Amino acid sequence: MNTDQFIPESLQNTISELKVTWQTPSNIALVKYWGKSDPQIPKNASISFTLEHCHTVTSIDFIKAKRRELPKFDMYFEGKKNDDFKPKIATFFKRISQYCPYVFEYDMIIRSKNSFPHSSGIASSASGLSAIAMCLMSLEKALSLDNLNDQFFKQKASFLARLGSGSASRSIEGPLVVWGSHDEIKESSDLFGVPFNEEVAPIFKNYQDTILLVDKGEKQVSSTVGHNLMHDHPYAEQRFSQANENIKKLKQILINGDITSFIGLVESEALTLHAMMLTSDPYFILMKPNTLQIINEIWRYRKEQNSYICFTLDAGANVHVLYPEKEKEKVLQFIENQLSKYCQKNQYICDNTGFGARKIDDIE
Ligand code: DP6
């Protein structure tokens, strides 16, 4: 694996101040990443839909300073100074410092906000860290004496984002991104996400994801703890090969438009992720009673209405309801009438697939 390509060679030092703002999305995995080795290398390839509306907007003010021992930054979240995120960001800067030596030479003011409610149980690390990675790449582009091309820019941003949070590597582009080296995905890599470059069947275009907020509390198992549980897990090896096999199958499904197989594969991936947690040591149950109620209602609706609705889950109790765009009106009615009662404060978020990071003028 060639990481040297990400160590910058020729940087100028004449930029005294720069402010950049990026909006980057969350993503939802269809084949899950669960298990990693150092430094943030996935045990299997994963693939996700990039979302459109669930996103983070982050601006960074870079102010040239004398070289420091450790990167210096302040963090504001939704307008208020916030030190809770600082340790994660500090670890991120440490991991990327070799690839972004300029983080020692600029003081940074980071301002960030999410489009989705904070502590909605929606993981903000994917959108949050990919947004910081894009901001860093904007500084690098400005400092670079070589003309950084668009592909390198995105690839390195994904590479950096991965070092902050694995799933963040899949939040730079869209609508489908694969992260993790896989024989059947051209240019795929353990180091960064790559767009799924096959022609996808029309039924999977503008796919809908309505996120049912079953449990908005703090994550019961942090992803770091969760991934570590795979180290001595009795079923780990089978799981990793199953995931790689599922990527191969899903590639054909996405090309052929075989939505029935899509439903089977995606729901099985979600339940397998939870099965890994049910069978780890220590074990965890991350679903709530309402998660199961919703799953059963989805199955009932699918059968009765001849629908192609299905679900997936993250490492938590919330349910992502996935369905083709042409079912949107009916499914939203079903969600409002039948499923919203299982959500905290009846809350759910309507989203669909999107195209990845966007540079914007300012955070406001
Ligand atoms: C269940 O990317 O949050 O959402 O690399 O430790 O930050 P870290 O983990 P993270 O793990 C996400 C796991 C998942 C499945 C997925 O998104 O593929």
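The values are calculated or read from the model by the stated rules, or taken from the named source; none is laboratory data. Computed from a predicted structure; not experimentally measured. FYI the Cβ positions are ideal-geometry reconstructions off the backbone, even for glycines, and counts take in every protein chain you see.
List of remarks:
- Residue selected from region 33-64 under the condition in a loop (DSSP other than H, G, I, E, B) and either in contact with a helix residue (DSSP H, G or I) (Cβ under 9 Å, 6 or more places away or on another chain) or assigned by TED's automatic domain parsing to the domain that holds Gln242 (or both), by the criterion surrounded by the fewest Cβ atoms within 10 Å (Cβ to Cβ): Pro39
- Test result for Asp107, of a type in the set (Asp, Glu), surrounded by fewer than 18 Cβ atoms within 10 Å (Cβ to Cβ), in contact (Cβ under 8 Å) with a residue 40 or more places away in the chain and not in a loop (DSSP other than H, G, I, E, B): yes
- Close contacts from region 21-40, counting a first residue that is within 16 Å of Ile247 (Cβ to Cβ) and a second that is within 11 Å of the ligand (Cβ to nearest atom) and acidic (Asp, Glu), with Cβ to Cβ under 9 Å and a gap of 6+ residues or different chains, come to Ile28/Asp314; Ala29/Glu269; Ala29/Asp314; Leu30/Glu269; Val31/Glu269; Lys32/Glu269; Lys32/Asp314.
- Odd one out for Pro87, checked against (1) touching a residue at least 40 places away in the same chain (Cβ under 8 Å); (2) out of contact with any strand residue (DSSP E or B) (no Cβ under 7 Å at 6 or more places or on another chain): (1)
- Qualifying positions in region 298-331 - surrounded by fewer than 17 Cβ atoms within 10 Å (Cβ to Cβ) and either outside any loop (DSSP other than H, G, I, E, B) or at pLDDT below 95 (or both): Trp299, Arg300, Arg302, Lys303, Glu304, Gln305, Glu325, Lys326, Glu327, Lys328, Glu329, Lys330
- From Ser144, Ser181, Ser124, Ser189, residue being assigned by TED's automatic domain parsing to the domain that holds Asp38 and within 13 Å of the ligand (Cβ to nearest atom): Ser124
- Of the strands (runs of 3 or more DSSP E) contained entirely in region 174-287, those carrying at least 1 residues that are among the hydroxyl-bearing types (Ser, Thr, Tyr) and touching a Cys at 6+ places or on another chain (Cβ under 9 Å) fall at 208-212.
- Glu237 meets the conditions (1) in the same structural domain as Leu273 (by TED's automatic domain parsing); (2) within 14 Å of the ligand (Cβ to nearest atom) in every case but one. The failed one is (2).
- Among (1) part of a helix (DSSP H, G or I); (2) hydrophobic (A, V, I, L, M, F, W, C); (3) under 28 Å from His227 (Cβ atoms) - the single one Leu339 does not satisfy: (3)
- Residues of region 213-231 that are surrounded by fewer than 18 Cβ atoms within 10 Å (Cβ to Cβ) and closer than 28 Å to Glu184 by Cα: Asn228, His231.
- Screening the candidates Asp84, Asp38 for the property of being within 12 Å of the ligand (Cβ to nearest atom) and acidic (Asp, Glu) yields one hit, Asp38.
- Selection within region 83-96 - assigned to a loop (DSSP other than H, G, I, E, B) and either over 22 Å from the mean Cα position of the chain (by Cα) or at pLDDT 95 or above (or both): Asp83
Here's the yes/no breakdown for (1) of a type in the set (Asp, Glu); (2) over 30 Å from Ile285 (Cβ atoms); (3) out of contact with any helix residue (DSSP H, G or I) (no Cβ under 9 Å at 6 or more places or on another chain):
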{"position": "Glu187", "(1), (2), (3)": "yes, yes, yes"}
{"position": "Asp190", "(1), (2), (3)": "yes, yes, no"}
{"position": "Ile211", "(1), (2), (3)": "no, no, yes"}
{"position": "Val225", "(1), (2), (3)": "no, no, yes"}
{"position": "Gln242", "(1), (2), (3)": "no, no, no"}
{"position": "Asn246", "(1), (2), (3)": "no, no, no"}
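- Flag if Leu129 is within 16 Å of the ligand (Cβ to nearest atom), over 27 Å from Leu11 (Cβ atoms) and not polar (S, T, N, Q): no
- When region 192-212 is limited to residues that are crowded, with 20+ Cβ neighbours inside 10 Å and β-branched (Val, Ile, Thr), the one that is nearest to the ligand (Cβ to nearest atom) turns out to be Ile211.
Residue-by-condition table, conditions (1) of a type outside the set (A, V, I, L, M); (2) more than 16 Å from the ligand (Cβ to nearest atom); (3) touching a Gly at 6+ places or on another chain (Cβ under 8 Å); (4) without any contact (Cβ under 8 Å) to a residue 60 or more places away in the chain:
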| site | (1), (2), (3), (4) |
| --- | --- |
| Ser241 | yes, yes, no, no |
| Leu250 | no, no, no, no |
| Leu273 | no, no, no, no |
| Ile298 | no, yes, no, yes |
| Val319 | no, no, no, no |
| Leu339 | no, yes, no, no |
